[in-house]
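Heads up, the thing below is written out as structure tokens.
The values are calculated or read from the model by the stated rules, or taken from the named source; none is laboratory data. It should be emphasised that the depicted structure is a prediction, and the values quoted were computed from it without experimental measurement. Every residue, glycine among them, receives a Cβ derived from its backbone with ideal geometry; neighbour counts consider all protein chains shown. Keep in mind that these areas ignore ligands, DNA and RNA; they rest on the heavy atoms of the full protein, side chains included. Shrake-Rupley method; radii C 1.70, N 1.55, O 1.52, S 1.80 Å.
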Amino acid sequence: MRTRSLKLTFIVLFVFTAGCSDRMDIEDVTIPLLTGYDLDQHDRLLTYTKIPVFSKDAKKKSHEIGVVSRTLRESRQREDEYAPGLFQGRKILVVLLSKRSLQHENWFTLMDVYFRDAKNSITSRIAMYDGPLSEVIYLNPADQPFLPILLRGMIETKSRRSETVKTSMQELHRQMLEKGITPISPRLCWRIRR
């Protein structure tokens with residue numbers, strides 16, 4: 001009887017403490033919800049990220065990061081320099097690609113990092129923007145929801161009405177590798193009001 005209760009105690013302790021060793025506080029984590037990739041006039045990769053700010057005292061509810069790099073791995077390291085906490089790529093809701101970056105012949109090979117790193121989300125929605133991504137990333141409308149949530153909601157509702165498609169990173173990968181399918185993604189085409 002005594003050994004049975006001792007075993008039960010160890011099992012209960014193991015179950016309750018098993019998930020605590022790798023916990024992270026939200027104050028120590030940077031959660032990018034929107035990321036975008038563009039090319040400048042010299043064909044250098046511009047990476048933009050929009051991060052929510054979890055503070056009651058903050059006047060601005062988002063933090064934007066823009067870096068220039070050669071690869072996505074390098075851009076992640078550079079973004080980490082400007083991020084207030086540990087960068088978590090698995091929470092990205094929307095990935096924006098500029099039309100200019102999609103016209104580059106090796107654009108899909110840059111995205112390879114998403115599919116090789118298990119910490120990245122492949123359920124993020126893909127969208128294309130015809131113009132410089134800085135117009136979208138640095139947009140902070142006061143009368144609208146947080147931009148990444150707004151964009152994902154727009155893609156979801158327009159897809160339900162059959163007005164656009166809902167393409168995830170995983171679906172884009174399948175479309176790019178399947179010879180009989182033309183890759184497709186939604187296109188953001190609204191005018192930015194200043």
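I'd like to check something: does the stretch 85-106 contain any residue that is in a loop (DSSP other than H, G, I, E, B), open to solvent by less than 70 Å² (accessible area, probe 1.4 Å), among the polar types (S, T, N, Q) and touching a helix residue (DSSP H, G or I) at 6+ places or on another chain (Cβ under 7 Å)?
No - not one qualifying residue is present in the stretch 85-106.
Would you check if N140 is open to solvent by 40 Å² or more (accessible area, probe 1.4 Å), in contact (Cβ under 8 Å) with a residue 60 or more places away in the chain, under 25 Å from D40 (Cβ atoms) and of a type outside the set (F, W, Y)? Quick ask: steps written out before the conclusion?
Values: open to solvent by 40 Å² or more (accessible area, probe 1.4 Å): yes; in contact (Cβ under 8 Å) with a residue 60 or more places away in the chain: yes; under 25 Å from D40 (Cβ atoms): yes; of a type outside the set (F, W, Y): yes.
Yes.
Conditions tested, residue by residue: (1) over 19 Å from I149 (Cβ atoms); (2) in contact with a Cys (Cβ under 8 Å, 6 or more places away or on another chain); (3) small (G, A, S).
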site: L96; (1), (2), (3): no, no, no
site: H104; (1), (2), (3): yes, no, no
site: W107; (1), (2), (3): yes, no, no
site: Y114; (1), (2), (3): yes, no, no
site: S121; (1), (2), (3): no, no, yes
site: S124; (1), (2), (3): no, no, yes
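So which pairs qualify, if the first residue must be in the stretch 152-165 and at pLDDT below 90, the second must be part of a helix (DSSP H, G or I) and surrounded by 12 or more Cβ atoms within 10 Å (Cβ to Cβ), the Cβ gap must be under 6 Å, and the two must be at least 6 apart or on different chains?
That search, which allows pairs on different chains as well, returns T164/K158.
Pick from the stretch 20-37 the residues that are open to solvent by 30 Å² or more (accessible area, probe 1.4 Å) and part of a loop (DSSP other than H, G, I, E, B): which of them is modelled with the highest pLDDT?
Within the stretch 20-37, the first condition is being open to solvent by 30 Å² or more (accessible area, probe 1.4 Å), and the residues that meet it are 20-28, 31.
Those still in the list that are part of a loop (DSSP other than H, G, I, E, B) too: 20-25, 31.
Numbers: C20: 60, S21: 61, D22: 65, R23: 69, M24: 71, D25: 72, I31: 84.
Top of the filtered list is I31.
So, in the stretch 179-194, how many residues would count as being at pLDDT 75 or above and open to solvent by 90 Å² or more (accessible area, probe 1.4 Å)?
Applying the first criterion (at pLDDT 75 or above) to the stretch 179-194 yields 179-188.
Narrowing further to those that are open to solvent by 90 Å² or more (accessible area, probe 1.4 Å): 179, 182, 187.
Result for the stretch 179-194: 3.
Restricting the search to the stretch 94-106, which residues are hydrophobic (A, V, I, L, M, F, W, C) and touching a residue at least 60 places away in the same chain (Cβ under 8 Å)?
Quick first cut of the stretch 94-106, residues hydrophobic (A, V, I, L, M, F, W, C) only: 94-97, 102.
Hits for the stretch 94-106 are V94, V95, L96, L97.
Among the residues of the stretch 38-52, write down those that are exposed (fewer than 13 other Cβ atoms within 10 Å of the Cβ) and not polar (S, T, N, Q). Before you say what the answer is, go through the steps one by one.
Of all residues in the stretch 38-52, those exposed (fewer than 13 other Cβ atoms within 10 Å of the Cβ) come to 40-44.
Across the stretch 38-52, the qualifying residues are D40, H42, D43, R44.
Read through the list (1) surrounded by fewer than 20 Cβ atoms within 10 Å (Cβ to Cβ); (2) in contact (Cβ under 8 Å) with a residue 60 or more places away in the chain, then give the number of the only condition that D112 fails.
The single condition D112 does not satisfy is (2).
Would a scan of the stretch 115-125 turn up a residue that is assigned to a strand (DSSP E or B), within 21 Å of P186 (Cα to Cα) and either open to solvent by 90 Å² or more (accessible area, probe 1.4 Å) or touching a residue at least 40 places away in the same chain (Cβ under 8 Å) (or both)?
As a first pass, look at the stretch 115-125 and keep what is assigned to a strand (DSSP E or B): 125.
Now restrict to residues that are within 21 Å of P186 (Cα to Cα): 125.
With the extra rule that they be either open to solvent by 90 Å² or more (accessible area, probe 1.4 Å) or touching a residue at least 40 places away in the same chain (Cβ under 8 Å) (or both), the set shrinks to 125.
Yes, there is a match, as at least one residue in the stretch 115-125 is assigned to a strand (DSSP E or B), within 21 Å of P186 (Cα to Cα) and either open to solvent by 90 Å² or more (accessible area, probe 1.4 Å) or touching a residue at least 40 places away in the same chain (Cβ under 8 Å) (or both).
Taking the conditions exactly as written (open to solvent by less than 40 Å² (accessible area, probe 1.4 Å), small (G, A, S) and out of contact with any Asp or Glu (no Cβ under 7 Å at 6 or more places or on another chain)), does A58 satisfy them or not? I'd like the intermediate steps shown before the answer.
Working: open to solvent by less than 40 Å² (accessible area, probe 1.4 Å): yes; small (G, A, S): yes; out of contact with any Asp or Glu (no Cβ under 7 Å at 6 or more places or on another chain): yes.
Yes; evaluated as a whole, the condition is true for this residue.
Of the residues E156, E135, E81, E74, only one is open to solvent by 70 Å² or more (accessible area, probe 1.4 Å), assigned to a helix (DSSP H, G or I) and not hydrophobic (A, V, I, L, M, F, W, C); which?
Values: E156 fails: open to solvent by 70 Å² or more (accessible area, probe 1.4 Å); E135 fails: open to solvent by 70 Å² or more (accessible area, probe 1.4 Å); E74 fails: open to solvent by 70 Å² or more (accessible area, probe 1.4 Å).
Just a single option satisfies the conditions, and that option is E81.
Looking at the stretch 159-172 only, could you name the residues that are out of contact with any strand residue (DSSP E or B) (no Cβ under 7 Å at 6 or more places or on another chain) and surrounded by fewer than 19 Cβ atoms within 10 Å (Cβ to Cβ)? Don't jump to the end; show me each part of the working.
Quick first cut of the stretch 159-172, residues out of contact with any strand residue (DSSP E or B) (no Cβ under 7 Å at 6 or more places or on another chain) only: 159-165, 170-171.
Selection gives S159, R160, R161, S162, E163, V165, Q170.
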